[in-house]
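The values are calculated or read from the model by the stated rules, or taken from the named source; none is laboratory data. Since the structure is predicted, the reported quantities are computational estimates derived from the model, not experimental observations. All Cβ positions, glycine included, derive from the backbone under ideal geometry; neighbour counts span all protein chains shown. What goes into the accessible areas is simple: the full protein's heavy atoms, side chains included, and nothing from ligands, DNA or RNA. Shrake-Rupley method; radii C 1.70, N 1.55, O 1.52, S 1.80 Å.
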Amino acid sequence: MANVLRNSAKFGFSGVLSQLSIHSRHGRECVSPCFSLQQRNNSTSPKIKVDLDSSTGVAVLRMQSPPVNSLSLDFLTEFCINLEKLEMDRSCRGLIITSTLSKVFSAGLDIMEMYGKSPERCGEFWKAVQEMWLKLYGSNMATIAAINGSSPAGGCLMSIGCDYRIMVDNPRYSIGLNETQLGIVAPFWFKDTLVNTVGNRAAELSLELGLLYSAPDALKIGLVDQLVPEDQVLSTAQDTMSKWLAIPDHARQITKSMMRKQTIDKLLSNREADITNFVSFITKDSIQRSLRMYLEMLKSRKA
Ligand code: CO8
């Protein structure tokens with residue numbers, strides 16, 4: 001994996017693709033990997049586990065969808081239902097999001113949801129991605145991402161949708177909006193959330209180059225707020241949460257809304273157009289070819 005990240009950072013996705021296209025001319029193994037991914041994503045076991053401690057008012061939401069917590073339509077639906085339940089529960093004031101998987105927080109959007117699907121299905125999927133972000137970025141709860149593994153693309157979006165980010169101090173874990181490396185473009189609301197987090201210049205560099213930052217580098221640009229040893233990530237998140245919850249809810253919530261409302265309203269008033277854009281972009285033959293090759297590349301790294 002590390003090699004691929006290094007290669008894609010060095011050559012760009014098209015570089016990785018050209019190497020792969022040579023490989024694919026000599027074999028047809030690319031079809032079965034795609035099927036195996038699909039089967040895994042159809043698993044019916046819960047992808048999210050939530051524990052609410054009513055004495056502290058803090059819920060811990062654990063993503064538990066192997067192998068990489070990719071954000072499929074099912075995953076996003078379950079995530080949003082859980083978030084909504086917590087939002088409506090007056091005893092819940094704070095939310096910590098983490099992963100049960102070793103080494104991965106979330107691999108971002110499930111690429112299989114964007115590959116070979118009908119325009120209707122792509123539209124449904126994109127609406128669920130929007131919904132996840134709207135619910136998280138606009139949450140009344142204090143939210144902390146306890147990032148205990150790599151968190152590219154949609155995983156990074158989920159992290160910067162929270163109020164505070166604590167990441168495991170391990171240079172092998174990376175985080176960032178790497179969309180351009182896949183030949184795709186982060187939508188305006190991904191961009192806006194990143195700008196709100198790290199500022200315009202760092203966001204510009206980060207997005208244009210599709211940079212994935214190691215945990216220490218992410219701290220340097222303010223993409224995460226704190227690094228801690230692996231075994232302290234959850235306890236630190238709990239300690240930090242108690243500081244956030246020491247602030248009266250109404251004051252914190254109004255301030256949060258003041259900071260984020262404009263960004264949220266921009267998507268709300270362009271939601272349908274954003275879905276249309278996504279569907280027409282992702283269903284293009286050239287983009288479908290890129291996604292197929294990216295899937296092959298993910299698979300072939302193991303061979
Ligand atoms: N979707 C679907 N399957 C995935 C994904 C994914 N995002 N990521 C990994 N997988 C699969 C792999 O293919 C592999 O499958 P198999 O076991 O069948 O070979 C399995 O998960 C395990 O993956 P790895 O062996 O790579 O696991 P590692 O622990 O070595 O690495 C990583 C974990 C770092 C998460 C690595 O898998 C990785 O880098 N994945 C790709 C991440 C990525 O590029 N995500 C981008 C998704 S796009 C997105 O989120 C925003 C899109 C915005 C769209 C805008 C359009 C307009």
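Some notes on this structure:
- Total residues in region 256-303 satisfying the condition of being more than 21 Å from residue 160 (Cα to Cα) and among the charged types (D, E, K, R): the figure is 9.
- For residue 203, the test of being out of contact with any Lys or Arg (no Cβ under 6 Å at 6 or more places or on another chain), surrounded by 20 or more Cβ atoms within 10 Å (Cβ to Cβ), among the hydrophobic types (A, V, I, L, M, F, W, C) and assigned to a helix (DSSP H, G or I) is passed.
- Residue 228 vs. criteria in contact with an Asp or Glu (Cβ under 7 Å, 6 or more places away or on another chain) and either of a type in the set (A, V, I, L, M) or at pLDDT below 95 (or both): yes
- Residue in region 172-184 that is surrounded by fewer than 21 Cβ atoms within 10 Å (Cβ to Cβ) and aromatic (Phe, Trp, Tyr) present: no
- Among (1) within 30 Å of residue 117 (Cα to Cα); (2) free of Cβ contacts under 8 Å to residues at least 24 places away in the same chain; (3) of a type in the set (S, T, N, Q), the one test that residue 288 misses: (2)
- Near pairs, Cβ below 9 angstrom, 6+ apart or cross-chain, from region 201-226 (touching a residue at least 40 places away in the same chain (Cβ under 8 Å) and under 18 Å from residue 187 (Cα atoms)) to any residue that is among the β-branched types (Val, Ile, Thr) and open to solvent by 50 Å² or more (accessible area, probe 1.4 Å): 210/180
Let's see how each residue does on (1) within 14 Å of the ligand (Cβ to nearest atom); (2) open to solvent by 30 Å² or more (accessible area, probe 1.4 Å); (3) out of contact with any helix residue (DSSP H, G or I) (no Cβ under 9 Å at 6 or more places or on another chain); (4) not in a loop (DSSP other than H, G, I, E, B):
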{"site": "208", "(1), (2), (3), (4)": "no, yes, no, yes"}
{"site": "224", "(1), (2), (3), (4)": "no, no, no, no"}
{"site": "240", "(1), (2), (3), (4)": "no, no, yes, yes"}
{"site": "273", "(1), (2), (3), (4)": "yes, yes, yes, yes"}
{"site": "281", "(1), (2), (3), (4)": "yes, yes, no, yes"}
{"site": "298", "(1), (2), (3), (4)": "yes, yes, no, yes"}
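- Residue count for region 158-201, restricted to those that are more than 12 Å from the ligand (Cβ to nearest atom) and farther than 22 Å from residue 265 by Cα: 8
- Residue check for residue 262: assigned to a helix (DSSP H, G or I) and loosely packed, with under 13 Cβ neighbours inside 10 Å: yes
- None of 290, 286, 300, 242 is within 21 Å of residue 59 (Cβ to Cβ) and among the small types (Gly, Ala, Ser) except 242.
- Qualifying residue in region 164-175 (condition: assigned to a helix (DSSP H, G or I), more than 20 Å from residue 94 (Cα to Cα) and under 12 Å from the mean Cα position of the chain (by Cα)): no
- Residues in region 283-296 that are more than 12 Å from the ligand (Cβ to nearest atom) and not in a helix (DSSP H, G or I): 0 in all.
- Among residues of region 144-157 being in a strand (DSSP E or B) and open to solvent by less than 10 Å² (accessible area, probe 1.4 Å), the one that is farthest from the ligand (Cβ to nearest atom) is 144.
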